[in-house]
Every structure is written in C-alpha cells, then in structure tokens.
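Since the structure comes first, as structure tokens, the remarks are kept for the end.
The values are calculated or read from the model by the stated rules, or taken from the named source; none is laboratory data. In this text, all values refer to a predicted model and were calculated from it rather than measured experimentally. Cβ: placed from backbone, ideal geometry, glycine included. Neighbour counts: every protein chain shown. Remember, those area values only see protein heavy atoms, side chains included, never the ligands or the DNA or RNA. Shrake-Rupley method; radii C 1.70, N 1.55, O 1.52, S 1.80 Å.
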Amino acid sequence: MQFYAQSKLISVSFLFLFITQICIAQTGKITGVVLDQNNKPVIGASITVVNGKLGVATDLDGHFSLTLTAGKYEISVLALGFASKNISDVEVKANQHTELQVTLIPTTKNLEAVTVKTPVKRETINSLIQFQKNTNAVAQVVSAEAIRRSPDKNTGEVLKRVPGTSLQENKYVVIRGLADRYNQAMLNGVLLSSTEPDRKTFSYDIFPAAMIDNIIINKTFIPEYSGEWAGGLIQINTKDIPASNFLNIQAGTGFNTNTVGHDFYSYKGGKLDWAGFDDGARALPDNFPTKTAFAALNAADKTEIGKQIAVDKFSVNKINPFLNAAFQLNGGFNSKLFQKDFGAIVSVTYNRSIKRLDYQNSFYSINDQKADANYKYFSNKYSNDVLWGALANFSIKLNSNNKINFKNIINVNASDYTTLRTGLDFESNSQVGESIKARELGFRANTFFSTLLSGEHNIPSLKSKLNWFGSFNILDQYIPQQRRLQYNQAGGDPGAPYLALLSNTLSQKSGSIFYSALSDYIYSAGGDLAHYFKLFSRAQTVKGGYVLQIKDRLYDSRPFAINLPSDNPVLRALNEDHIFTPENFGATSPSLFHFDEAEGNQYRYMANTILNAGYLQFDNSFADWLRIVWGVRYEHFDQLVGSPRKSDERFVNSVVGDFLPAVNTTFKLNNRTNIRV
C-alpha cells in the first residue's frame, strides 16, 4: 500500500502582474462568453447593465469584458435572432473579475420578444450542461469554471475526474479502456506529436490547470478533426488574453512511503541532473571517432578507448533519498500594444519525484506452440524523475473581427535510474535456470518544444469565419551511457560463485554501454473556412478545411560492448566495482577484456511522413428535435522509413489514401434528453 503526502509550503496569489494604473474607485470586471445552442460564439451580442448606461459587445469569439464598481447587478444579454436573457445577482468584487458563460436560445415565430430571467448561479450551471449537451459529437467537456473550482494543478489531474478516463503514471491517458496509443491530443486546434519517441502517447501533466480555458474529449469522429484515433480525441484549449492581471506562485514537497525508509541506490551522475540535463558526465569523450572511423581502428586502439568509457562506470552507492519537490509560477497581463488589445500568459512548472518501484517481468519464446521462459526477473528500480516546462502565449486583437495568436511550449522529461535485478536465466540452463544478479544504470531525457502562430478572422459581409495556423514541433530523446551487467550462478548449485556473463560476443545484455539520440521535427500548416446561412428558418453551417503535416525523424545509436575472447573465471568473478579496472583490458591477450562496437544498419535510420488532409462538413438543424453533423475527410499518408535509397535493404515506402465519412445525429427528445447516433 502506498501513501503520498504533499504540503504546500507557499501559495500566494496576486491580483496584478504589472500595475498599469491606480484606480481611485474600487472596481472589478465581469467577463465571459456568449454561445448559441450549437456552442458557437454569438458575435456582436449586446451586454448591458439593467437600469444602467454601461454596455459592451461580444467579439469574434463571443467574449466580453465589462468594468463596474463593486456591487450586485442585473445583466442583460441581447442578440439579433435570439431571445434576450437577464441574469440577476451578478456580484462584482473590487479588483477581481467574475466569469459568466451565457447560452442564448434562438427565437422562432412563436417565440418573439421573450426575455429569459435567471440568477447567475443557475445560469452558470445550465451553461455548462448546455455546452456538453450541444457539442457536435459525443464528448465530455471540462470548462474553465470546473477547473477553477477543483484543486487540480495540471491537465493530467483534471482528466482523472472525467468519467471513462483514467491515467497511467499520472500523465498518460486511457479512454474507455483503450490504451494511450489509441488516443490523440490537440492543443489549440493543432495536432500534437507524441512526447515519448518510442511510444504513441502524450504527457498531459505538462499543462498547468490555471492556463486551460476548456478541455473537450471527443468520443466519436467528425470530419474536421484527425482520423488518427479510436479511443478519444483530447482537445486542450488554453486562455488567450486574461481578463485581468494575475500572478500565482505555488511550491510544495512530498514523500512516498514506498521510498522513504527503504534502501535507495544511485550512481555518480552529472551536476545538472536536477534540471533534467546531462552536463557531459555521461557523454562520449571529445573527438570520439565516428562509426566509420571507429570500425577502421585496430583492436588495441578500440580497447584503449573502451577503458575511458568503462572504468568506474558500473558502481552504485546507497544514499538517502531526497524529498519530492514541486514549483509552479503562472502569470498574465492585459494591456495595449499599438492601441490594440494585447495579452499574455506565462507559466513555469518544475517537479522532481524520487521513486522506488518493485516489479516482476518475464521473457518467453514460442517453441512447438509452447511458451518457454527465457528469463524471470525480479527488479528494484530507483529513479529520480524530473519534469519541467514553460508556456508562453501571446494574443493581439486587431479589431473586433480579427485576432492573432502566438503560443509556445517547452517541456523536459528526464529519468535518472538504477535498476537492480535478481531472478533466473533459462537461456543458460533450460532445466532449472541459473540464478542471476544484474544491474542497469541509465539516464533518459525527452525534450518537447512547440510553437504556433494562428489567426481568427470574422467576415460579416460573407457570414463566414476564417481560421489559419502554422506550427513547428521538436521532440528529442537522448540516452547517454546506458550500462548493463549481469552475473550468473551455476544452476542447481547454491554455493557456486556468481560469474559475469561475458563471452566473445558483442552482447547488449551484459557488459554493454549504449548511446542513442533521436530527433523528431514536425511541421504543420492549415486552415478552415466556415459559412453560416439559414435553411428552414434555422441556422446552418458548412465548413471546409485543409491540413498539411510533415514529420522528419533521425535516429543514431552507438551500441558498444565489452567482450572476453577466451574464458577467464577469475576475471569474471570480480565484483562490479573492480571488474573493469584498466589492467583487466588488453587487446593482445584473449583472456583479458576487449572493447568493440556492434555494427549494422538497424542502429541508424531516418524516417519521413507527409500527411495531406482535407474535409467538407455540414452542421444542419432540420427541426427543433433533429441535428445532423455529417461530411467526409480525406487523408493521404506517405511514409518513408529506413533510408531514402531504394537500394538500401531498410527502404520501406508506404502510401495510403483514405476517405473517412461520418454522420453524427442528435435527437433532442426534450430539454433534458438527447439521443445520439
């Protein structure tokens, strides 16, 4: 049983990041968004104070902001083609802002000049329910209001509260029982790449909850979104321009009872491990030969180089584990730039977790339709995991119909670990197995960077809205000096010595020193145009768009190994601290250690994919009780893996084109019940 305790050491909230003016009167703000029954923004809606003179209009996103002196007000919302709505008991507090989400009902021939009156609390609850009920597909919606009321610190914690959604390692999403590889993430309308180079997944704990405007989890496909998922499409939308200046700082610590009070092991690393970077302590020496140059060296030169890499690199130390640490800083401001509304949100997060994990795993091979065990491992993993990131979003409103966004994210996810293993090796003795003791020492760092430039443009004369974007993502994985060493004891003889599993082969199971670097570069661009019109006296939408995404991957690894051409039991009986001393290497003697690099095309490759996607989608309301969202998406996928040369045996080129039709029908039985097909 595991218990986790965390205490906030500092939790400070400031109302202003930058003080731009001194207010004589104690004023506050009412901010919010006005939506129609299809969750589309109502542009140009009038927001006024009942029996007052102040009023504003909503912008192209349906947002508004109204500054008032402290007190309680009744707010009127009026838009052409909709029933007006009065919201009472809206309290404005000094130097604070009150958020509203308003849903308007379209007028019909039988519903003219009607005013709906509701208190602010009921309107807030009803709007959240309406937002989810009126999505264009089966979806779960988490609003900014729900996030604000929860204690969650990041998106991963928010998603844990969504029905049908669970998290692995507190960051990887499983939706309706389908693993992370079947899900897809989007940030501000743009497809995100995986944050893990060796698995299709996304680490949702990199986004602070305070930065999120809403999260929508689609569970059915519609043409405007990617078809690269089966479980769920998680759309994360961050805030653009904050309603008021703010600064929030949090710091905390914690411990895990599975770690504290138990033995904890580590090895000598670098000075920047706390930041998730290797400072060069594990890197290959300066001016190290390339693959081709190393292969051309003689055995003596290779072994001499091996001494530099292997000596004193397999030792571990027992230490007292540190406490976990967490820090988060969020800030935002709202100002003017060239007399235009300009805002920014900036966030920095840092988390360090010290973990001790016990687990078992086995490897099997199939022989004559029978599964035979190769290994049975009992492992103790001791890790120092670091996750930090920064987010910087900037938005400028050119006018009420045009807005430009510039959004950036960087994230570093690193793990410095020591794994100590015991168990049985059946490859060496298939009958009873040989007892083993082994260790793996490693460091893995993933760096994710994303930058996005996008624009939103309302065109009233054409009753249309244009969106466009361009983005660039980088994902790097770096594994310097991963080391493995295994000792075996003769099967059936508990008194036999443990001997290092080293032979004349270049094994990556024992005596190996592995380096690798992987880089993904993702370029994306696209846009869509939506046209609004009326049919059967009801609002209709037709929308078309195009997306281009190009991914480039480069992978390079250096698998080195220490081998022993002629058996030397005395040498193999030395423990991990003394076995790889300089005097035990010698290329001229077959009974001393040699050093070499495994060769093969599989240790280096490149890959490229080009995705072209276009879609046409209709959103039709044929009756008060019937709404159909339908259309088709076409995706053309061109993938090249291995090598660009057809003569290379690694060359694989796959070209696939798919039409992806979709129909989502909503039957509105009454105001409380929807049936979706």
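Taking the condition of a type in the set (A, V, I, L, M), part of a strand (DSSP E or B) and farther than 30 Å from residue 468 by Cα, does residue 390 pass? Criteria not met by residue 390. Annotation for region 376-386: at least one member residue is farther than 30 Å from residue 330 by Cβ, buried (at least 17 other Cβ atoms within 10 Å of the Cβ) and among the basic types (Lys, Arg).
Picking from residues in region 306-327 that are surrounded by 14 or more Cβ atoms within 10 Å (Cβ to Cβ), of a type outside the set (A, V, I, L, M) and out of contact with any helix residue (DSSP H, G or I) (no Cβ under 8 Å at 6 or more places or on another chain), the one that is modelled with the lowest pLDDT is 322.
So in region 187-232, with the set limited to residues that are among the hydrophobic types (A, V, I, L, M, F, W, C) and within 16 Å of residue 660 (Cα to Cα), which one is surrounded by the most Cβ atoms within 10 Å (Cβ to Cβ)? Let's see the steps before the verdict.
So in region 187-232, the residues among the hydrophobic types (A, V, I, L, M, F, W, C) come out as 187, 190-192, 202, 206-207, 209-212, 215-217, 221-222, 229-230.
Narrowing the set further to residues that are within 16 Å of residue 660 (Cα to Cα) leaves 221-222, 229-230.
Numbers: 221: 19, 222: 24, 229: 21, 230: 14.
Of everything passing the filter in region 187-232, 222 is surrounded by the most Cβ atoms within 10 Å (Cβ to Cβ).
Listed here are the strands (runs of 3 or more DSSP E) enclosed by region 595-677 that have at least 1 residues being touching a Gly at 6+ places or on another chain (Cβ under 7 Å) and farther than 30 Å from residue 131 by Cα: 604-623, 626-642, 652-670. Scanning region 444-460 for residues that are touching a strand residue (DSSP E or B) at 6+ places or on another chain (Cβ under 8 Å) and under 27 Å from residue 40 (Cα atoms) yields 451, 452, 453, 454, 455, 456, 457, 458, 459.
Just to be sure before I move on: is residue 353 more than 32 Å from the chain's Cα centre (by Cα) and of a type in the set (Gly, Ala, Ser) in the structure I sent?
Taking the combined requirement at face value, the residue does not satisfy it.
Determine whether residue 513 is touching a helix residue (DSSP H, G or I) at 6+ places or on another chain (Cβ under 6 Å), in a strand (DSSP E or B) and either under 20 Å from residue 636 (Cα atoms) or open to solvent by less than 50 Å² (accessible area, probe 1.4 Å) (or both).
yes
Residue 372: loosely packed, with under 15 Cβ neighbours inside 10 Å, in contact (Cβ under 8 Å) with a residue 24 or more places away in the chain and assigned to a strand (DSSP E or B), yes or no? Yes, satisfied.
Hey, any hits in region 216-224 for a residue that's among the aromatic types (Phe, Trp, Tyr) and modelled with pLDDT of 85 or more? Yes.
For the criterion of being without any contact (Cβ under 8 Å) to a residue 12 or more places away in the chain and out of contact with any Ser or Thr (no Cβ under 8 Å at 6 or more places or on another chain), residue 461 passes.
Just for region 629-669: of the residues that are among the β-branched types (Val, Ile, Thr) and surrounded by 16 or more Cβ atoms within 10 Å (Cβ to Cβ), which one is farthest from residue 551 (Cα to Cα)?
Checked region 629-669; the qualifying residue farthest from residue 551 (Cα to Cα) is 666.
Among the residues of region 599-609, none qualifies, meaning not one is surrounded by 15 or more Cβ atoms within 10 Å (Cβ to Cβ), in contact (Cβ under 8 Å) with a residue 40 or more places away in the chain and farther than 26 Å from residue 553 by Cβ. Counting only residues that are hydrophobic (A, V, I, L, M, F, W, C) and assigned to a loop (DSSP other than H, G, I, E, B), region 37-82 holds 9 of them. Of everything listed in (1) more than 30 Å from the chain's Cα centre (by Cα); (2) open to solvent by 20 Å² or more (accessible area, probe 1.4 Å), the single unmet condition for residue 303 is (2). Among the residues of region 559-575, those identified as touching a residue at least 60 places away in the same chain (Cβ under 8 Å), in contact with a Leu (Cβ under 8 Å, 6 or more places away or on another chain) and open to solvent by 30 Å² or more (accessible area, probe 1.4 Å) are 569, 572, 573.
Inspect region 464-485 for any residue being outside any strand (DSSP E or B) and open to solvent by 30 Å² or more (accessible area, probe 1.4 Å) and give the result as yes or no. Scanning region 464-485 turns up no residue that is outside any strand (DSSP E or B) and open to solvent by 30 Å² or more (accessible area, probe 1.4 Å).
Within region 613-627, being touching a Phe, Trp or Tyr at 6+ places or on another chain (Cβ under 8 Å), open to solvent by 20 Å² or more (accessible area, probe 1.4 Å) and modelled with pLDDT of 95 or more holds for 614, 615, 618.
Taken over region 486-510, the criterion of being open to solvent by less than 30 Å² (accessible area, probe 1.4 Å), within 30 Å of residue 291 (Cα to Cα) and either assigned to a loop (DSSP other than H, G, I, E, B) or among the hydrophobic types (A, V, I, L, M, F, W, C) (or both) is satisfied by 500, 502, 510.
Listed by first and then second residue, the pairs linking a residue in region 259-272 that is modelled with pLDDT under 90 to a residue that is of a type outside the set (Phe, Trp, Tyr) and buried (at least 17 other Cβ atoms within 10 Å of the Cβ), with Cβ atoms under 7 Å apart and 6 or more places separating them unless they lie on different chains, are 259/321; 259/354; 259/355; 259/356; 260/321; 262/356. Name the residue that is nearest to residue 274 (Cα to Cα), counting only residues in region 328-340 that are among the polar types (S, T, N, Q) and open to solvent by less than 80 Å² (accessible area, probe 1.4 Å). Among those residues, the one meeting the criterion is 328.
If you take the residues of region 400-453 that are buried (at least 20 other Cβ atoms within 10 Å of the Cβ) and assigned to a loop (DSSP other than H, G, I, E, B), which of them is modelled with the lowest pLDDT? This residue is 433.
Counting only residues that are assigned to a strand (DSSP E or B) and in contact with a helix residue (DSSP H, G or I) (Cβ under 6 Å, 6 or more places away or on another chain), region 149-166 holds 2 of them. Residue-level analysis places residue 284 outside the set of residues that are surrounded by 15 or more Cβ atoms within 10 Å (Cβ to Cβ), more than 19 Å from the chain's Cα centre (by Cα), in a loop (DSSP other than H, G, I, E, B) and without any contact (Cβ under 8 Å) to a residue 60 or more places away in the chain.
Among the residues making up region 261-271, those that are out of contact with any strand residue (DSSP E or B) (no Cβ under 8 Å at 6 or more places or on another chain) and open to solvent by 70 Å² or more (accessible area, probe 1.4 Å) are 261, 271.
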